[in-house]
Amino acid sequence: QIKDRHNGNIMINNDGYLIHIDFGFLLSHAPGREFETAPFKLTNEIVDVFGGVNSKNFEKYRKMMWKGMIAISKHYEKIMVLVEMMYCGYGKELKCFEGGEDTLKMLRQRFKPKENMKKRDYLELVDNLIQQAMSSWSTKWYDKYQYYFQGIFY
């Protein structure tokens, strides 16, 4: 559930892979956090590139998100250990941990919202996250704010 308030922190490498470069927002530090509440950024323009919500490409995107969530659920403890080590070592100095131990709790909950999740639970979770992201009026307005006041194109 990588989230971001603008596309300036999402890059594409030479092989076409998306790279997110703002880990503060991934964990907790987000200037627009109180206003922008979408689980991740999914603009109308991105959906249009897929060919719309009823397209084969959008269905492929949905399935890849679902498979990604299942893959993460199998290995999220390893990620949590790395993040917890960072927190124990430098947590007080890094802005991404400004939420303290709540940052760790929230990250864990995003990886695994409830215990004993089955594959169909992840499919439902992904569908809900996609729907929330697509229908987020606050993201659309925060993008406009970023554009008009910060000059960051959305």
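The values are calculated or read from the model by the stated rules, or taken from the named source; none is laboratory data. Just so it is clear, the model here is predicted, and its values are computed rather than measured. Heads up, the Cβs are rebuilt from the backbone with ideal geometry, glycines too, and the neighbour counts pull from every protein chain shown. Only protein heavy atoms, including side chains, enter the accessible area calculation; ligands, DNA and RNA are left aside. Shrake-Rupley method; radii C 1.70, N 1.55, O 1.52, S 1.80 Å.
Of note:
To keep it simple, each residue is scored yes or no on (1) within 22 Å of T37 (Cβ to Cβ); (2) open to solvent by less than 50 Å² (accessible area, probe 1.4 Å); (3) part of a helix (DSSP H, G or I).
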{"residue": "Y87", "(1), (2), (3)": "no, yes, yes"}
{"residue": "L104", "(1), (2), (3)": "yes, yes, yes"}
{"residue": "R108", "(1), (2), (3)": "yes, no, yes"}
{"residue": "K114", "(1), (2), (3)": "yes, no, no"}
{"residue": "M117", "(1), (2), (3)": "no, yes, no"}
{"residue": "L123", "(1), (2), (3)": "no, no, yes"}
{"residue": "Q132", "(1), (2), (3)": "yes, no, yes"}
{"residue": "Y142", "(1), (2), (3)": "yes, yes, yes"}
{"residue": "Y147", "(1), (2), (3)": "yes, no, yes"}
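- Long-range neighbours under 6 Å by Cβ, at least six apart or interchain, first residue of a type in the set (A, V, I, L, M) within the range 115-137, second not in a loop (DSSP other than H, G, I, E, B): L123/W66; V126/M65; V126/W66; V126/M69
- Flag for T37 being polar (S, T, N, Q) and crowded, with 16+ Cβ neighbours inside 10 Å: no
- Some residue of the range 54-68 being surrounded by fewer than 11 Cβ atoms within 10 Å (Cβ to Cβ), among the polar types (S, T, N, Q) and out of contact with any helix residue (DSSP H, G or I) (no Cβ under 7 Å at 6 or more places or on another chain): yes
- Which listed residue, of V81, V47, V53, is closer than 28 Å to Y142 by Cα, over 19 Å from the mean Cα position of the chain (by Cα) and modelled with pLDDT of 90 or more: V53
- Residues satisfying the stated conditions in the range 98-128, i.e. under 13 Å from K63 (Cα atoms) and touching a helix residue (DSSP H, G or I) at 6+ places or on another chain (Cβ under 9 Å): K119, Y122, L123, L125, V126, D127
- Of all residues in the range 56-78, those that are within 22 Å of N44 (Cβ to Cβ) and over 16 Å from the mean Cα position of the chain (by Cα) total 6.
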